[in-house]
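J.: One structure is given below, represented as structure tokens, and several questions about it will come after.
The values are calculated or read from the model by the stated rules, or taken from the named source; none is laboratory data. Note that this is a predicted model, so its numbers are computed, not measured. Virtual Cβ from ideal backbone geometry, glycine too; neighbours counted across all protein chains shown.
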Amino acid sequence: MKKLLTYTLLATVGATLLTGCGGTKVSRVDTNQEIALTDRWNDKDSQLVSEEMITDMLSFPWIRDFKANNGGDKPTVIIQRVRNKSHEHISADTFLNDLKRAIIRSGDARFVASGAERTDIRDERADQELNAAKAKQMGNETAADFALSGTINSFVDQAGGNRVTTYQVDLKLVNMETNEEVWNGQKKLKKFQEKSSFGW
């Protein structure tokens, strides 16, 4: 009887320990805190790269020259496309939104909608003309002075379970009227993922 009781007690404790070890804990963290579980591109990379590149872009002479030739007016920028040519899936929309926020937050340039967004707004404006008392007029859109486009590339070097991943973001700004490339920026991120000494 004592042996049976001992075995039962040991089995219960063992099951409890196994359950406890295999449990999942979820907690809320600050959204500005980076939690890098892998060497993959993450939300913090997107934020840092966009802010640094837009700061660099706005430090070049093109913006000073534009204001001098246009009575101090701020230039208007449109984002055409940023292509993901890296080895992994990167949400281009997230990166584009980070670029947009960085441009608007700077206060040095204005930003206009592009592509499908512009089409949706035009449809809404047309609907207003039929149904709204104070409809916004067609043909009064702000034209873009400069177009921003670029690519995201990646390079992977791996040996013995260790891996180095390099991300390279290239952006360029082109004058919409003259096709002159007024800024070309590049930002690299290098991440080292080391194999655990415990073999995990």
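J.: Kindly indicate whether residue 78 is in contact with a Leu (Cβ under 8 Å, 6 or more places away or on another chain), within 23 Å of residue 101 (Cβ to Cβ) and at pLDDT 60 or above.
T.: Judged against the criteria, residue 78 is a match.
Residue-by-condition table, conditions (1) among the hydroxyl-bearing types (Ser, Thr, Tyr); (2) farther than 17 Å from residue 186 by Cα; (3) not in a helix (DSSP H, G or I):
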position	(1), (2), (3)
55	yes, no, no
59	yes, no, yes
63	no, yes, no
125	no, yes, no
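J.: Which of the residues belonging to segment 68-96 are in a strand (DSSP E or B) and more than 17 Å from the chain's Cα centre (by Cα)?
T.: 76, 77
J.: Quick one: which residue in 157, 170 is part of a strand (DSSP E or B), of a type outside the set (S, T, N, Q) and more than 21 Å from the chain's Cα centre (by Cα)?
T.: Sole residue among the options that is part of a strand (DSSP E or B), of a type outside the set (S, T, N, Q) and more than 21 Å from the chain's Cα centre (by Cα): 157.
J.: Follow-up question, since we're still on this one. Got a sec? Which of 194, 177, 181 is surrounded by fewer than 16 Cβ atoms within 10 Å (Cβ to Cβ) and without any contact (Cβ under 8 Å) to a residue 12 or more places away in the chain? Let's see the steps before the verdict.
T.: Numbers: 194 fails: without any contact (Cβ under 8 Å) to a residue 12 or more places away in the chain; 177 fails: without any contact (Cβ under 8 Å) to a residue 12 or more places away in the chain.
Sole residue among the options that is surrounded by fewer than 16 Cβ atoms within 10 Å (Cβ to Cβ) and without any contact (Cβ under 8 Å) to a residue 12 or more places away in the chain: 181.
J.: Select from segment 76-123 the residues that are in contact with a strand residue (DSSP E or B) (Cβ under 8 Å, 6 or more places away or on another chain), among the hydroxyl-bearing types (Ser, Thr, Tyr) and within 21 Å of residue 56 (Cα to Cα) and list them in ascending order.
T.: Matches in segment 76-123: 76 only.
J.: Is it the case that segment 97-113 has a residue that's modelled with pLDDT of 75 or more, over 30 Å from residue 153 (Cβ atoms) and either in contact with a helix residue (DSSP H, G or I) (Cβ under 6 Å, 6 or more places away or on another chain) or assigned to a loop (DSSP other than H, G, I, E, B) (or both)?
T.: Of segment 97-113, the ones modelled with pLDDT of 75 or more are 97-113.
Of the ones still in play, those that are also over 30 Å from residue 153 (Cβ atoms) are 107.
With either in contact with a helix residue (DSSP H, G or I) (Cβ under 6 Å, 6 or more places away or on another chain) or assigned to a loop (DSSP other than H, G, I, E, B) (or both) added as a condition, the list becomes 107.
Yes, the conditions are met somewhere in segment 97-113.
J.: Another question about this same structure. Right, residue 34: within 17 Å of the chain's Cα centre (by Cα) and either modelled with pLDDT of 65 or more or surrounded by fewer than 11 Cβ atoms within 10 Å (Cβ to Cβ) (or both) or not?
T.: So residue 34 does not fit the description; no.
J.: Considering only segment 128-148, state which residues are charged (D, E, K, R) and modelled with pLDDT under 90.
T.: Residues of segment 128-148 charged (D, E, K, R): 129, 134, 136, 141, 145.
Within segment 128-148, 129, 134, 136, 141 qualify.
Condition check ((1) surrounded by fewer than 16 Cβ atoms within 10 Å (Cβ to Cβ); (2) among the acidic types (Asp, Glu)) across all residues:
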site: 86; (1), (2): no, no
site: 89; (1), (2): yes, no
site: 97; (1), (2): yes, no
site: 103; (1), (2): no, no
site: 115; (1), (2): yes, no
site: 120; (1), (2): yes, yes
site: 129; (1), (2): yes, yes
site: 135; (1), (2): yes, no
site: 144; (1), (2): no, no
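J.: Right, residue 165: under 25 Å from the mean Cα position of the chain (by Cα) and either part of a helix (DSSP H, G or I) or aliphatic (A, V, I, L, M) (or both) or not?
T.: no
J.: When segment 85-135 is examined, which residues are found to be closer than 28 Å to residue 167 by Cα, of a type in the set (Val, Ile, Thr) and without any contact (Cβ under 8 Å) to a residue 12 or more places away in the chain?
T.: Answer for segment 85-135, where residues must be closer than 28 Å to residue 167 by Cα, of a type in the set (Val, Ile, Thr) and without any contact (Cβ under 8 Å) to a residue 12 or more places away in the chain: just 104.
J.: Could you count how many residues in segment 76-126 are under 19 Å from residue 151 (Cα atoms) and among the β-branched types (Val, Ile, Thr)? Explain how you work it out, then say what you get.
T.: We begin by selecting, within segment 76-126, every residue under 19 Å from residue 151 (Cα atoms); these are 77-103, 114-115.
From what is left, the residues that are among the β-branched types (Val, Ile, Thr) are 77-79, 82, 90, 94, 103.
Matching residues across segment 76-126 total 7.
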